[in-house]
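What follows is one structure encoded as structure tokens, with my remarks underneath.
The numbers here are math on the coordinates, done by the rules we state, and not lab data. Every value quoted in this text rests on a predicted model; they were computed, and no experiment measured them. Backbone-built Cβ (ideal geometry, glycine too); neighbour counts: all protein chains shown.
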Amino acid sequence: GPIMQLLCEHAVETDLYQCAWVGQRERGTDRLAMVASEGFESQPGTIQLDPSSESDEQGIVGQSVDTDNPTVSISRNISKKEGWDILESSGVDTLAAVPLDHGDAVYGCLVLGTRRAKAFNSRELTALEVLGHLLGTVLHAARTQQLVFASTVVELEFGIAGTDSVFV
């Protein structure tokens, strides 16, 4: 929460980006829930991912968090159907979606908007990939800590019928 909000605020303060958004995958679902945002007029609070649809239909977020091939995705023609409401006065015309991954898991997505004409060259994309891995590691650690310090314990009791089995 607070780390991701600080990240969004700093990204916008640098003037490299005019808006930033972070969504985190809700455990056991195909949804990303917003955890931080800065600079958007309005933005999706939740993004429903459809793993069965073609990547083009998914929008840049769906493409970026595709667990088979997580990758930084770029949209230079921001359409309303992607759900991003950007102030026209900001001049933002390009969005990038960065997967927040760790190992084989994708924990979320960072979306950045910019008005820079030559934004997201190969060097910047490499830096964003590294940032995505770093933030994915942070989210992974937070999730692991939640599991370790969970305040509830589930106790399972197994009963076996027919005790003449050699395995019993």
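Here are a few things to note about the model shown:
- Calculated FRET efficiency for the pair N69/E41, C-beta based, R₀ 35 Å, to 0.05: 0.65
- Pairwise FRET efficiency - A141 versus A117, Cβ, R0 = 25 Å, nearest 0.05: 0.10
- Linear extension gain, D30 paired with T14, 0.36 nm per residue minus alpha-carbon span: 2.6 nm
- Positive-end residue of V12, Q24, F40, charge dipole of region 1-44 with Cβ unit charges: Q24
- Under the criterion of Cα pairs below 8 Å and six or more residues apart, the relative contact order for region 1-135 equals 23 percent.
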